[in-house]
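The values are calculated or read from the model by the stated rules, or taken from the named source; none is laboratory data. All values reported here derive from a predicted model rather than from experimental measurement. A quick note on method: Cβ atoms are made from the backbone with ideal geometry, for glycine too, and the neighbour counts reach across all protein chains shown.
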Amino acid sequence: MSVGLIALLDDVAALAKVAAASLDDIVGQAAKAGAKAAGVVIDDAAVTPRYVVGFASDRELPIVRRIAIGSLKNKLLILLPAALALSLFAPWAIMPLLMLGGAFLCYEGAEKVLEMIWPHAAEVAPTPGAAPPDPKRLEEERIGGAIQTDFILSAEIMAITLGTMPQSVFWIQAVVLAAVGLGITIAVYGVVALIVKADDAGISLAVNATPVSSVLGIRRAPLAPTGADRTMRPVTQAIGRGLVSGMPGFLKLLGMVGTAAMIWVGGGIIIHGFEEFGLGGLGHALQGVAHSAALAVPAIGGALEWLVAAVGSGVVGLLIGSALVVLLHKILFPAIARIRDVEARPSH
């Protein structure tokens, strides 16, 4: 009896070790995938606040919440099953699709860079006297557009995640994909919610004469400020004014960081894809330059090696993205427009 119990406990301990190893594997894979998808995540956080611009303050968080729910549906109900089916039935297609997603990131990033350098013509102003757009309809259109954009970004996130674990067992792939999808959605839209409400928080702090007794406006304050209120008021009001005046610049900076991250991640994906197909010359050359830079400045060797490799991937991504912009906007799209014009002409 005791021998059987010991054997049972031995089996339980072995299972616990396997479960712990699997959990470590899942956490490690999810962290690795999240890091690889950093460029897409930053861009998602930078893009989404634009969809709530122009709406009343009380509609901002409901709009963000609906976009977040749409994002979760994109990832968990559509893209996760599609990614698992791809892993089961066409694993050979993962890397080409990942490279295609990387090329799309390069294209999007390069297009934003070129837009910064050569801005397009300003949009046509609305006709004077025209009826203002229906707020409800405009809200639905903005949410629909945001969810469509999120679908593309989410597809890239899920493809990058799947690409980090091609040899993992099926259930681990499923759990990691779900964990990354859920975690990134919560992180991105939590940050977006903070960003879109930062202006309101800044205004509230800037006009609050009783920051201590009202706990920064959370509860009702006494009519007369206390000594602590008078002491802290200049600090909290300065912070509030700083939030209000600094948010436009912060959003611009966030957009620039997101663009740079997209180009860097996209270029890195394509370089890695070339290596998988036996074309590792470019990747080895960049690694050699990065390693030489690290040896030249050993005090910061690790950080410098990463930075040089990232800049190299970014340069490759920018070149690929710029070539795609020229190909699509100067050749492919005009050709499609001409074909449509020919088809639209009445036949005689």
*Quick one: what pairs do we get from region 73-99, first residue over 10 Å from residue 159 (Cα atoms), second outside any helix (DSSP H, G or I), C-beta under 7 Å, 6+ apart or different chains?*
91/166
*Return a yes/no flag: does region 322-340 have any residue that is assigned to a helix (DSSP H, G or I), surrounded by 14 or more Cβ atoms within 10 Å (Cβ to Cβ) and free of Cβ contacts under 8 Å to residues at least 40 places away in the same chain.*
yes
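Listed here are the residues, each with its yes/no results for (1) in a helix (DSSP H, G or I); (2) within 24 Å of residue 61 (Cα to Cα); (3) over 24 Å from the mean Cα position of the chain (by Cα); (4) at pLDDT 75 or above.
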| position | (1), (2), (3), (4) |
| --- | --- |
| 155 | yes, no, no, yes |
| 162 | yes, no, no, yes |
| 166 | no, no, no, no |
| 185 | yes, yes, no, yes |
| 189 | yes, yes, no, yes |
| 192 | yes, yes, no, yes |
| 206 | yes, yes, yes, yes |
_So residue 312 ticks every box in (1) at pLDDT below 90; (2) within 23 Å of residue 105 (Cα to Cα); (3) touching a Leu at 6+ places or on another chain (Cβ under 9 Å) but one. Which box is left unticked?_
(1)
*asked:* So residue 125 passes all but one of these: (1) buried (at least 18 other Cβ atoms within 10 Å of the Cβ); (2) at pLDDT below 80. Which condition number does it fail?
replied: (1)
_Against the condition of a type outside the set (Val, Ile, Thr), closer than 30 Å to residue 92 by Cα and in contact with a helix residue (DSSP H, G or I) (Cβ under 7 Å, 6 or more places away or on another chain), how does residue 278 come out, does it pass?_
no
_Checking residue 287 against (1) under 30 Å from residue 52 (Cα atoms); (2) of a type in the set (S, T, N, Q); (3) more than 21 Å from the chain's Cα centre (by Cα), the condition it does not meet_ = (1)
